[in-house]
Amino acid sequence: MAVWGLSLRVGFAWSVVVALGSSGDLSAQASGHRVSANQVIIETQRHWENWEFSLGTLEIEDGSVQPQRLQRNTNAVVDIVDFLRLNTPDHIKKDPEEIILADAVQAGSNSADAFKAIDGDPMTYWQPEPLPEGIDLPAQWWLNLDLGRFVFAEKIVLKFVDEEMGDPFLLFDVLVSDGFKPKLSPLSATPNYTTVMRLLQENKTQRVFEIDLQEADEEPQGMGLRFVQLVINGTDGTRGRQVTETEYGELPAGERGAIEYYKHLRSGGELQVDQDVYEMLSAEKQAEIRHFRRERPRLAEIEVWGEGDEILSGTITRGGFISTTEPGVSLGPFIDGRRETSSIVVWGVGGWTGATTEINNRELVFDLGTFYWVDTHLLAYGGRNLNSFGDYRLEVSDGSVAADGSLEWTRVLNKGQSDGTASQFELTPSLRRRGFEGNTFAPVQARFFRMQWTVATFGANAELAEVQLYGEGFLPRLALESDLIRLGGSRNLLSIEWESDTPPGTEVRIQTRTGNELGEVLHYFKKDGTEVTESQYGKMLSLFRGEIVPEEVAGNDWSDWSEPYTLPAGSAITSPSPREFLKVRATLVSEDPQVAASIRSVRLNFVDPVAQGLIGEVVPFQVDSLGSQQPFSLYIRPDFDRGDSGFDELLLVVPEGMSLDFTGFYAGAETDFMSGGDVAAMRVEDAELMATETDSLLLSFPLVQPNNGIELLRLDFNTALFSTGAVLRPSLQNRASGEGAWQRVDAGNAFELATSNTTTLVGSLGNKQLLRDVRVAPPVFSPNGDGINDEAQFEFKVVRVGDDSPVEVQIYDLSGKAIRRLAEQRTQSSGEYQIAWDGKDQSGQVVPPGIYYARLKVSTQTAGAGIGARQILKTVSVAY
């Protein structure tokens with residue numbers, strides 16, 4: 001498989017990463033963020049510009065970031081410079097970053113001002129210089145425009161200045177070229193041009209011309225062009241417009257045109273004469289003197305309106321790549337913007353299925369570098385015969401991976417088969433002869449795009465020149481990543497908050513990753529700034545070698561990206577902490593191409609750590625009986641640096657529905673906890689249990705700090721596990737640092753004799769019943785309002801249910817008639833329940849005495865999970 005773009009992908013990543021120094025003022029050094037005493041702040045235009053993102057995928061305005069919006073029916077002149085830098089033509093002898101707008105235009109006259117005809121400013125213009133008589137006008141008054149790439153164009157618009165500023169061209173032609181050289185002169189430096197407009201009547205008043213390329217009588221009838229040429233064939237020169245003598249006198253010298261002298265004829269007419277003859281005539285014979293302003297032929301703007309913002313041309317600069325299974329194919333020509341460059345691919349003869357025929361599937365795959373909405377696919381063919389493909393298939397992928405590790409693809413077109421998913425453009429025979437092809441389909445999100453075809457033994461060649469994709473709307477998903485954030489030492493990360501706008505159907509996902517180690521990647525460059533591989537650099541002559549630039553990257557100890565944070569006003573950091581280094585990632589997501597999320601600022605709060613590290617593990621971690629109270633011990637080992645503040649509070653939080661009963665707190669050297677040690681002597685008698693929620697335990701105790709001999713802590717407690725697993729979240733803080741400065745305890749090997757290395761309780765898979773320990777108390781009750789046994793309590797435990805499925809008790813009489821439904825729904829269904837029945841039916845009437853059935857049920861999905869019964873039937877009696 002041939003692949004193009006992987007080396008450039010690495011180069012692009014380097015071009016946007018900012019590596020910061022390790023000393024001095026952190027605030028001054030950080031360009032993608034600012035670090036204050038206790039915050040990391042991202043809020044300015046410059047900050048966002050120094051984050052990592054795929055080129056051309058976002059818009060930053062007034063410090064706010066949102067995804068780029070793809071437009072349809074766009075003026076291809078607007079971004080000429082971008083495309084000239086992307087694929088620099090041979091005649092421009094500049095480095096890409098040096099290319100300016102003037103490099104897109106050439107002119108035979110006043111070439112210095114030619115760029116003003118494409119600068120988007122209606123008050124500036126290109127005006128050819130006046131020519132002496134006898135000079136061939138079209139040989140001097142011409143302008144050539146290079147759009148920088150091959151454009152499927154629909155119309156060309158010429159705009160001349162307003163009347164008070166100047167004149168339109170008197171006579172002119174407009175020609176276009178797709179870049180092909182004349183067939184009889186294939187080595188010519190000038191491509192072959194086709195006339196799309198010829199002005200045959202002198203024009204003095206019309207100032208806007210729209211040339212509809214779809215309706216032009218001559219080929220190419222729109223769709224495909226790279227160059228636009230204007231040739232001016234006529235001028236009024238010194239007789240642009242007649243003015244009064246007074247107006248003439250007020251004109252600048254350079255704008256004063258001809259003065260014509262006339263004498264009266266006996267017939268009543270007038271005859272133009274020379275000035276000296278006029279001055280010899282008597283007053284009666286002198287007719288009028290006509291004054292003229294010179295012609296001011298001024299072209300304000302050239303516009304070339306095309307299909308829209310094209311996607312594939314920027315594949316490599318966005319960090320994507322192109323690959324193919326077609327052997328011997330050069331991939332660059334497919335997106336280089338030049339129709340005259342092409343690659344030969346082989347496609348199969350449709351229907352050729354002889355027994356000896358070898359069939360091979362081929363494909364052309366694009367990693368777009370980011371996500372787009374796509375709905376249109378266009379092809380341009382090259383070569384002498386403009387051979388096109390036979391049948392082919394178009395598919396897209398959003399990056400989802402199948403079970404075998406390959407991308408999952410969605411088909412959007414089967415050319416040659418009518419499946420209702422797409423349609424081909426109706427092209428005129430002329431356009432088909434010119435080698436264009438197009439398809440439209442319903443908008444779909446895509447990160448990857450591929451075109452597949454089948455090759456048979458007797459295949460035909462297609463010379464493919466350009467592949468283009470179009471879509472419309474905001475990018476559906478855009479990820480941008482901060483530069484390396486140095487915290488100035490190990491810091492305890494507390495919370496992250498952000499300001500954003502999220503219209504319905506959009507969201508902003510914020511994530512973090514942290515580490516203590518940095519690696520280094522070397523980037524090798526040629527003298528011209530092009531990045532190459534280390535191998536290519538080694539084979540290069542020293543004359544052509546450029547710099548070797550080191551880049552600091554995340555080291556081996558860095559965490560993965562956290563789960564997205566959910567509270568913009570302040571979410572607790574879940575990445576490992578304390579750490580020295582940090583990166584933040586923001587992902588802007590939209591399910592509607594017409595709306596987009598935006599983000600303005602991110603703030604991350606931190607404090608000095610109570611210890612360099614806190615490692616914890618729970619014993620036992622396996623729970624054999626769900627729903628039953630059991631004793632547990634949580635061991636915590638602090639790793640102190642001599643400057644750490646230490647801690648005097650411990651918080652343990654368990655999932656909703658669990659409760660904690662404190663039984664003891666111990667502290668000492670690790671050897672004291674070994675077999676034979678006097679654990680009772682290590683009990684912290686001064687530990688105080690603070691008021692908190694039932695699903696958490698808050699303990700206050702004397703300060704534990706460096707060098708006080710405490711190496712290990714043990715918290716003993718009782719709890720019941722109701723689900724298959726529960727993550728315990730212990731953390732420590734120093735009260736002197738203020739409320740909310742908790743430092744989390746990471747799971748690991750805290751105590752040599754403990755073997756769990758985890759802070760997660762895991763339930764046994766043996767008993768799979770969801771309802772446990774069901775009890776009706778009392779089994780016989782009398783709802784007569786005397787305050788004695790007026791209600792029946794249905795007590796039970798729900799286990800192994802990890803969602804918010806409702807729990808209900810349905811009461812029936814002996815005939816099976818439903819009498820009353822009692823239900824309770826929690827955010828976490830597992831836990832202990834007490835649901836009371838007051839002996840009344842659904843209408844509020846007390847039921848007659850007798851025996852009733854009660855069906856206890858958990859409304860959850862258990863199909864295929866091997867779960868036991870979700871309901872239990874009990875009886876309850878009503879007596880008076």
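The values are calculated or read from the model by the stated rules, or taken from the named source; none is laboratory data. Quick caveat, the model's predicted, so the values are computed rather than measured. Glycine also receives a Cβ, built like all others from the backbone with ideal geometry; neighbour counts cover every protein chain displayed. With ligands, DNA and RNA removed, areas are computed over all heavy atoms of the protein, side chains included. Shrake-Rupley method; radii C 1.70, N 1.55, O 1.52, S 1.80 Å.
Tabulated results
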{"item": "Estimated dipole of the stretch 453-577 in Debye, rounded to 20 [Cβ of Lys and Arg +1, of Asp and Glu -1, Cα centre]", "result": "280 debye"}
{"item": "Too-long pairs where the Cα-Cα distance tops 26 Å, listed order kept, from K155/K181; K93/K526; K181/K526", "result": "K181/K526"}
{"item": "Cα→Cβ-extended label distance, 7 Å offset, between S859 and E693, nm", "result": "2.5 nm"}
{"item": "Positive-end residue, the chain charge dipole about Cα centroid, Cβ charges, pick of S577, W373, Y248", "result": "W373"}
{"item": "Value of [θ]222 nm, deg cm²/dmol, for the chain, DSSP H segments ≥ 4, -39500 (n - 2.57) each, nearest 500", "result": "-1500 deg cm²/dmol"}
{"item": "Dipole axis of the chain (+1 Lys, Arg; -1 Asp, Glu on Cβ), positive-most option in L604, A442, T671", "result": "A442"}
{"item": "Cα centre as origin, Lys/Arg/Asp/Glu Cβ charges: the stretch 585-671 dipole, Debye", "result": "340 debye"}
{"item": "Distance between the stretch 738-809 and the stretch 627-663 - C-alpha centres, whole angstrom", "result": "19 Å"}
{"item": "Dipole in debye (nearest 20) - the chain, about Cα centre, beta carbon charges: Lys, Arg +1; Asp, Glu -1", "result": "2080 debye"}
{"item": "The stretch 584-687: trypsin sites (Lys or Arg not before Pro) in DSSP coil with no more than 15 other Cβ atoms inside 10 Å", "result": "R642"}
{"item": "Solvent exposure ordering (accessible area, 1.4 Å, most first) of M658, M540, M280", "result": "M280, M540, M658"}
{"item": "Cα-projected label distance for T663 with R735, points at 7 Å along beta-carbon direction, nm", "result": "2.7 nm"}
{"item": "With Cα atoms, 0 to 90° folded angle of helix 6-16 axis to the chain main axis", "result": "80 degrees"}
{"item": "Length-normalised contact order for the stretch 520-629 - Cα pairs under 8 Å, 6+ apart - percent", "result": "17 percent"}
{"item": "Pair A102, D624: separation of 7 Å Cα→Cβ label points (nm)", "result": "8.8 nm"}
{"item": "Prolate/oblate/rounded call for the stretch 633-748, Cα gyration tensor, a/c under 1.5 rounded", "result": "oblate"}
{"item": "With DNA, RNA and ligands ignored, accessible area of K527 (1.4 Å probe; Å², nearest 10)", "result": "140 Å²"}
{"item": "Label assignment, P(r) over Cα pairs in 10 Å bins from 0, in percent derived from the structure, set [x] 2, 11, 19, 21, 18, 12, 8, 5, 2, 1, 0, 0; [y] 2, 9, 13, 15, 15, 13, 11, 9, 6, 4, 2, 1, 1, 0, 0; [z] 2, 10, 17, 19, 17, 14, 11, 7, 3, 0, 0", "result": "[y]"}
{"item": "Relative contact order of the stretch 685-754, pairs being alpha-carbon contacts under 8 Å that are 6 or more residues apart, as %", "result": "18 percent"}
{"item": "Hull volume in cubic angstrom per residue (convex hull over the Cα atoms of the stretch 130-213)", "result": "151 Å³"}
{"item": "Efficiency of FRET from Cβ geometry, D804 and Q612, R₀ 35 Å, rounded to 0.05", "result": "0.35"}
{"item": "Rounded, prolate or oblate (a/c below 1.5 giving rounded, otherwise prolate when a/b exceeds b/c) for the stretch 452-584 by Cα gyration tensor", "result": "oblate"}
{"item": "Relative contact order (%) - the stretch 48-206, alpha-carbon pairs under 8 angstrom, separation at least six", "result": "16 percent"}
{"item": "Qualifying GluC sites (Glu not before Pro) in the stretch 665-702, DSSP loop, other Cβ atoms within 10 Å at most 10", "result": "E685"}
{"item": "Shape category assigned to the stretch 40-97 from the gyration tensor of Cα positions, a/c cut at 1.5", "result": "oblate"}
{"item": "The stretch 626-642 residues near the modelled S764 label - backbone nitrogen below 19 Å, point 7 Å along Cα→Cβ", "result": "626-633"}
